[in-house]
Amino acid sequence: MQRFSLQHLIPEQSFLTIIRNAKKKTGGSTRNKGGHPRPKHRGWRVQDGHYVSEGTLLATQRTTRFHPGLNVGFGRNGTLFAMEHGKVYVTCEMIDPNWEHTWIQRNYANRQGQTIYKKYFNVVPEEQHKRFRLLDTN
């Protein structure tokens with residue numbers, strides 16, 4: 001009886017290597033990607049009475065919670081920003097909305113004909129120092 005051997009099939013100089021690959025990839029759960037979403041930190045950026053420079057963000061919002069007043073701009077995403085250097089004043093006033101504006105239609109459609117009070121951001125320019133003199137350029 002002859003024994004079966006693999007030595008005559010495999011040359012002496014070659015080595016047999018076995019590579020095992022993982023059957024499942026280690027990716028974790030796909031149901032809860034990353035836990036909670038990162039917060040957007042919307043709301044007031046500058047409090048009443050603070051001094052701001054031109055272009056400073058005053059408030060970020062998703063709905064028309066705050067309205068632009070004197071020297072305050074209204075961005076496309078609802079951001080309020082200062083258009084002048086000065087002091088910030090926040091007031092609560094009755095609004096007279098422009099019903100043609102898309103933001104107003106989206107947020108106040110069911111409140112037409114009612115009295116609505118909202119917070120207004122105003123920037124009052126600070127007094128100039130008046131240290132310069134106008135010189136004749138001729």
Legend entry - Rg over Rh, two decimals, region 61-123 (C-alpha only, Kirkwood Rh): 0.97
Legend entry - Value of relative contact order over region 73-131, rounded to a whole percent, pairs C-alpha under 8 Å and six or more apart: 47
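Using a 1.4 Å probe over the heavy atoms of the protein chains, calculate the carbon and sulfur portion of the accessible area of region 43-125 as a whole percent.
Carbon and sulfur: 47 percent of the exposed surface of region 43-125.
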Inset, instruction - Would you please give the residues with an amide H less than 5 Å from that of His67, counting only those at least 5 places away or on a separate chain, with H modeled from the backbone geometry? - result: Lys119, Tyr120, Phe121
Legend entry - Amide H contacts of Thr56 (H built 1.01 Å from N, under 5 Å, at least 5 apart or other chain): Ala82
Inset, instruction - Sort Arg111, Arg42, Arg76 by accessible area with a 1.4 Å probe, largest first. - result: Arg76, Arg42, Arg111
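The values are calculated or read from the model by the stated rules, or taken from the named source; none is laboratory data. All values reported here derive from a predicted model rather than from experimental measurement. What goes into the accessible areas is simple: the full protein's heavy atoms, side chains included, and nothing from ligands, DNA or RNA. Shrake-Rupley method; radii C 1.70, N 1.55, O 1.52, S 1.80 Å.
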